[in-house]
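The numbers here are math on the coordinates, done by the rules we state, and not lab data. As the structure is a prediction and not an experimental result, all values here were calculated from the model. Backbone-built Cβ (ideal geometry, glycine too); neighbour counts: all protein chains shown.
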Amino acid sequence: MLPLVILATFLKPALAARAFLNEPDTGIDRTVGDIGVGILPDLTDMVSLPDFDFAARNYLPALNYTYYRQAAGGEGSYRNNLEIFGNYRFLPRQMQDVTALNSTLPTTILGYNFSLPFFIAPASRAAYGHPKAEAGLVEAAGREGILYARSQFATLSINEVHALKAPGQVLFQQFYRAPTLEEDQANLDSIAAVGAKAVILTVDTNSYGSRQRGLRYGFDRTENRGYRNVTWEYYHTLRNMTSLPIVLKGIQNVRDAQAAVDNGVAAIYLSNHGGRQLETSPSALEVAHDIYVNAPDIYKQIEVYADGGVRYGSDILKLMAFGVRAVGLARPFMYANIYGVEGVQRAIQLLRNELSRDASNLGLADIKALNTSWIQTTRSSWVGFI
Ligand SMILES: Cc1cc2nc3c(=O)[nH]c(=O)nc-3n(C[C@H](O)[C@H](O)[C@H](O)COP(=O)(O)O)c2cc1C
């Protein structure tokens, strides 16, 4: 029999399937050095969004970081969200005058003006990252002119968050179905009272996802706590309970996207909840592609937003090429919030900078001119899921 140590040597390459890097190798470990728990690197060392993940993982207690980082099952959807963007190649064009590009970056979302086509997606419990909790998110969004969508389970109350708005700042409010319609009505009334401009109804959470990483820290119980009943009938009930537009968040199927159009929904939001809900659910980029292939008119009939795994300016451009109007990010901003408002602002600025550089190198004179002629949309070169 082979001694165990020799056996282990042979087995090693076989077991080391495809390595997944939590963050790509960007060289940050060389500049900030070997930092341990509780040490916060200088904000100026953060030069990309994945750097904030590195900083948060080292700085936050494991429980706090895990709350943000956790995902469902074997986390295949989480990884796919990040990696799928690499499977789409750009088709850059040269000899284009791109000098007016920056003036085309502002956009409207449900008719409201924003400086950029990306936004802060709803994420609960910002206090795990910073004592001022959501203050960093709402204030940075206000300073930079982007949309912030507050989670129903934010640490700060809806009134506290809205009290921090800059003059004229527009916020949307994420919404989960409550156990009773009376509670729903009370929630909708407080959303309208503070002046939020849209309700984002999350439709991908019939149960809390099976998040093993988080179970270890008691974020959920191992038994299922029951089901949330979110149907078209419920949507129409809700519709009659508020005058605010309702966005459906968590659409993952072209049929549901079409049903949303047929049911007169204000806008849809493609998302698999950052891979936190159903393991091996598709990324928003794949769903955006499916809609483009099977029902492209949807992009003309309704506003489409998307999130999941967006970390680079180039990711945003690929989603927009299919017809997505605005792109959300959650974890990167939660990680950046460990620095408070300055961290979130820096993350926004880094991403804006990437977006404009990438769009210009793609040869885009006008970001609104993006369409599928700027990306390869064949799937032949894909490396495969997980
Ligand atoms: C810590 C955390 C909390 C979240 N809380 C909510 C929530 O309360 N409501 C909701 O609709 N989505 C929630 N999400 C999902 C995000 O809105 C978003 O869909 C997803 O995280 C985007 O992927 P990304 O984190 O890779 O950017 C949460 C995500 C994270 C990471």
Which of I367, I158, I39 has the fewest Cβ neighbours within 10 Å, and the rest in rising order: I39, I158, I367
For A196, the net charge from surrounding residues (Cβ-Cβ under 11 Å; K, R +1; D, E -1) works out to +3
Order of M95, M320 under a 10 Å beta carbon neighbour criterion, fewest first: M95, M320
Using only the Cα atoms of segment 82-142, build the gyration tensor, take square roots of its eigenvalues as a ≥ b ≥ c, and label the shape rounded, prolate or oblate: rounded if a/c is under 1.5, else prolate if a/b is larger than b/c, else oblate. oblate
Can you check what the net charge comes to around A178, using other residues whose Cβ is under 11 Å from the Cβ of A178 (Lys, Arg +1; Asp, Glu -1)? -1
Eight or more residues apart or on different chains, and alpha-carbon atoms under 19 Å: count the Lys pairs in segment 86-374 matching that. 7
Once you've got the GNM for the chain with C-alpha springs shorter than 10 Å, pick whichever of V98, V254, V344 has the biggest mean-square fluctuation. V98
Per the helix-only model, the chain has a calculated mean residue ellipticity at 222 nm (DSSP H runs of ≥4, -39500 (n - 2.57) each, divided over all residues, rounded to the nearest 500) of -11000 deg cm²/dmol
Residues in segment 51-89, backbone N under 19 Å from the label point at I39 (7 Å along the Cα-to-beta-carbon vector): list them, ranges by number please. 51-62, 65
With contacts defined as alpha carbon pairs under 8 Å and 6 or more residues apart, what's the relative contact order of the chain in percent? 25
Rank A135, S103, N113 by how far each Cα sits towards the positive end of the charge dipole of segment 86-374 (+1 on Lys, Arg Cβ; -1 on Asp, Glu Cβ) and give me just the farthest. A135
Assertion target for L215, L285, ordered by fewest C-beta neighbours within 10 angstrom first, is L215, L285
Among beta bridges assigned by DSSP with both residues in the chain, the antiparallel ones amount in percent, to the nearest 5, to 15
Which distance in nm do the two modelled labels at A127 and N206 give, with both placed 7 Å along the Cα-to-Cβ direction? 3.3
